[in-house]
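S.K.: Let me begin by handing over the structure; questions about it come next.
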Amino acid sequence: MKNRKKWIIIGVVALVVIAAVAIGATRINLTIGKQAKKDEDKREVVRRGKFLVKVRESGHLRSFIEVDVRSNVEGEILEILIEEGEVVGAGQPLLKIDEEQILEEKKQAEENLKASIAQLEQAKLRIKITEKEQASSLLQAENSVARTEANLASFIANKQQRIADAETQVATTQNSLNLDEIDKRQADISLAQAKLTLERTEATQKSAKIAFETAESESNRNKGLFEKNLISKQALEESQRQLANATSQYETSQKEVESQKETIKSQEENIKAREQAIESRKATLALRKKNVITLEASQAAEEKRLQADVEDARTRLQKIEDTTEEEKELTRHAKVSAEANRLRFESQLKSQQERHEWTTVIAPMSGTITRLVVEEGEIITSGRSAFSRGEAIMRIADLTQMIVRTQINQVEISKIEVGQRAEITVDSHPNRVFEGRVSEISPSATPRGQNSQDGVIRFEVDIEVLGSPPELRPGMSADVDIIVFEESDILQLPIAAVMNPEIVTVAANLTPEQLGQFQKGQKLKIRNLIGKEFPGSVGQLSSDNPDGSLEILLDGSPKGLRTGPTEIIIVISDDKQLSGIEAQVKSERQFFVMLDTGKDLGEKKEGTKGVKTHIKVRQRNITHFEITEGLKEGDRVFVPSMMELTKGAGGDNSDSDDFK
């Protein structure tokens, strides 16, 4: 009995637990369903407006111009004339250094300079005396050289004239010879022409003779016929007249032949005379050329003798110059040595004067003393030391020109340009944004960027703080947003509404008539050459697109369909299809949205909504994409749920078995 009660109690408890679990599960499912419904109904609207793309980095504030001040001389600081934080002007005294030792060194340098000047004057005087002693000997030798050179020059001038005259005679004879040869050639031509004329006149004579003999025979024959009364008197007289003409022409041709023969004889005699003249000219020309050669040889021998006289005179002059030059060289060496001593001591004095001036350290620029690291009585070293630059005694910075120096990743550096606007924030003023401008970009990666622990290459970029407010201090950390793109009227959509899955697309080449059978979002299938079908939907339609007028977005990740050119069959419905379509299969990440068309598409698949629409984007910022194609202002798109993103980033929104 007790065991029975025990089991009854256990059963009741179990029923209660099961009921509670069922109720809780129901409530959870209802909550999830409501949340899912809420997510499904979430939409974003395509809008136009201001679009900013920023590159964000952090850096530190510093003055654009700052100088570490060092002393040019060593010594004890006697007096510091400024305080840290004080504003100074260029050239303003900053501190004084003990000058006693430097003044002593300056006095010694002045005495050394005076002694070197006296030595230089003595050397100059010795040079003048030596020059006067050698002037007389040099003058005599120079006159001898001038006399022999004048004789040589006079001979050369006359020599050229004599040779020129002889060469002129040769040229004149040569010209005459050339003229004679030209005349002979002209006579030869005239003779040849006369012979041709003779041949023509002889031919004319032969023709006239034949005509004469023919006319004579015809006249005699007609005379006999007339006597026999066989022809008329007029015919007889005509043959006699022709005989008379032929006789006259024959006699004339005979005379012309005799005349042309006389002409040829005269031309031949003329040619012989010109040939004799040419031979005479050639003999004269040869004689005159020989005369030129003989004249040049004799003139060259005489010129050589006169040149020898000139060389002898110059040798004597050189001997005198060499003798005196040795003495002058000694005096010049003494002068050069004295001049070098003077320059050395002048330099030493100038150096000591500068060192004395440097005992008062002055500001190299206007600005604020941002750091002072020495005190009065402290011994400092020179910043011009050959072994060390020496430590800086203070720093001056121009706080009216502040910059933020930052490091930009090499991936982003191509977006940065000088002059771009920037927004700067600092921790000390968290609610304030300071305006800036990119002022300088390093042309190469910084050493720190090259050797950074994360291995990322970075480039140093300076951002000028516009206005440089006084509350900004060197060394402050700062965050910088560089505005790399800024437009006021850009079509844009929140990032959450855009999907970026790996999509297989088919670009098909259709005729305008075939293209008219499709509309955006229409469901269809494609079939490859082996008969396998792949479901999808229409993306973009463009009749003037050279890559394919119809874009088909395939559902999911189709297996068995290779990328590249192929031939397909487009299955529009069970009883309608297009065969032999050339197409290009591509696989790439693309951008899509679920466009709210405002129509009930009657889809059966749970979790899908809207029409999957291919879009193109150009830029993105933290919150939005810039839309270039696929959407227009005012379009509403569904925001995909986590379930849709998990199942393939919204890549499948159609039922492969349904055709409308």
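The values are calculated or read from the model by the stated rules, or taken from the named source; none is laboratory data. Small disclaimer: the values here were computed from a predicted structure and weren't measured. FYI the Cβ positions are ideal-geometry reconstructions off the backbone, even for glycines, and counts take in every protein chain you see.
S.K.: In the stretch 64-115, which residue that is assigned to a strand (DSSP E or B), acidic (Asp, Glu) and under 55 Å from the mean Cα position of the chain (by Cα) is surrounded by the fewest Cβ atoms within 10 Å (Cβ to Cβ)? Don't jump to the end; show me each part of the working.
M.R.: Residues of the stretch 64-115 assigned to a strand (DSSP E or B): 66-69, 75-80, 87-88, 93-97.
Right, trim to acidic (Asp, Glu) and you get 66, 68, 76, 79.
Filter once more, so that each one left must be under 55 Å from the mean Cα position of the chain (by Cα): 66, 68.
Working: GLU66: 18, ASP68: 15.
Checking each candidate, the answer is ASP68.
S.K.: If you don't mind, there's one more thing I want to ask. Look at GLY521 and say whether it is surrounded by fewer than 15 Cβ atoms within 10 Å (Cβ to Cβ) and out of contact with any helix residue (DSSP H, G or I) (no Cβ under 7 Å at 6 or more places or on another chain). Steps first, please.
M.R.: On the way: surrounded by fewer than 15 Cβ atoms within 10 Å (Cβ to Cβ): no; out of contact with any helix residue (DSSP H, G or I) (no Cβ under 7 Å at 6 or more places or on another chain): yes.
No: the conditions fail for GLY521.
S.K.: Do we find that GLU487 is assigned to a strand (DSSP E or B), closer than 26 Å to ARG618 by Cβ and outside the structural domain of LEU554 (by TED's automatic domain parsing) in this structure? Working first, answer last.
M.R.: Values: assigned to a strand (DSSP E or B): yes; closer than 26 Å to ARG618 by Cβ: yes; outside the structural domain of LEU554 (by TED's automatic domain parsing): yes.
For GLU487, the condition - assigned to a strand (DSSP E or B), closer than 26 Å to ARG618 by Cβ and outside the structural domain of LEU554 (by TED's automatic domain parsing) - is met.
S.K.: Do the conditions hold for MET594, that is, is it in contact with a Pro (Cβ under 8 Å, 6 or more places away or on another chain), modelled with pLDDT of 55 or more and not charged (D, E, K, R)? It would help to see each step written out before you state the result.
M.R.: Values: in contact with a Pro (Cβ under 8 Å, 6 or more places away or on another chain): yes; modelled with pLDDT of 55 or more: yes; not charged (D, E, K, R): yes.
In short, yes.
S.K.: Please pick out the residue among THR214, THR148 that is surrounded by 12 or more Cβ atoms within 10 Å (Cβ to Cβ) and over 30 Å from GLN307 (Cα atoms). Walk me through it before giving the result.
M.R.: Details: THR148 fails: over 30 Å from GLN307 (Cα atoms).
Within the list THR214, THR148, the selection yields THR214.
So that you can scan it fast, the table gives a plain yes or no per residue for (1) touching an Asp or Glu at 6+ places or on another chain (Cβ under 7 Å); (2) within 30 Å of ALA301 (Cα to Cα); (3) modelled with pLDDT of 80 or more:
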{"residue": "ILE127", "(1), (2), (3)": "no, no, no"}
{"residue": "ALA135", "(1), (2), (3)": "no, no, no"}
{"residue": "VAL145", "(1), (2), (3)": "no, yes, yes"}
{"residue": "GLU167", "(1), (2), (3)": "no, yes, yes"}
{"residue": "LEU196", "(1), (2), (3)": "no, no, yes"}
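S.K.: For the stretch 188-198, does any single residue satisfy the condition of being within 30 Å of GLU167 (Cα to Cα), touching a Lys or Arg at 6+ places or on another chain (Cβ under 7 Å), in contact (Cβ under 8 Å) with a residue 60 or more places away in the chain and not charged (D, E, K, R)?
M.R.: Taking the stretch 188-198 as the starting set, the residues that turn out to be within 30 Å of GLU167 (Cα to Cα) are none.
No.
S.K.: Out of the stretch 501-520, which residues are in a loop (DSSP other than H, G, I, E, B) and at pLDDT 85 or above?
M.R.: First, the residues of the stretch 501-520 that are in a loop (DSSP other than H, G, I, E, B): 501, 509-511, 516-520.
Answer for the stretch 501-520, where residues must be in a loop (DSSP other than H, G, I, E, B) and at pLDDT 85 or above: ASN509, LEU510, THR511, GLY516, GLN517, PHE518, GLN519.
S.K.: Something else: If you go through the stretch 489-516 one residue at a time, how many are within 20 Å of ASP544 (Cα to Cα), surrounded by 15 or more Cβ atoms within 10 Å (Cβ to Cβ) and polar (S, T, N, Q)?
M.R.: First, the residues of the stretch 489-516 that are within 20 Å of ASP544 (Cα to Cα): 505-516.
Add one more test, that the residue is surrounded by 15 or more Cβ atoms within 10 Å (Cβ to Cβ), and what stays is 505-510, 514-515.
Applying the additional criterion that residues be polar (S, T, N, Q) yields 505, 509, 514.
Going through the stretch 489-516 one residue at a time, the tally reaches 3.
S.K.: Also: Taking only pairs six or more apart or across chains, which ones have beta-carbon atoms under 8 Å, a first residue in the stretch 549-562 that is free of Cβ contacts under 8 Å to residues at least 40 places away in the same chain, and a second residue that is surrounded by fewer than 20 Cβ atoms within 10 Å (Cβ to Cβ) and assigned to a loop (DSSP other than H, G, I, E, B)?
M.R.: Close Cβ pairs satisfying both conditions: GLY560/ASN528; GLY560/LYS532.
S.K.: Since GLU100 meets every condition but one in (1) without any contact (Cβ under 8 Å) to a residue 40 or more places away in the chain; (2) more than 29 Å from ILE369 (Cα to Cα), which condition does it not meet?
M.R.: Single failed check for GLU100: (2).
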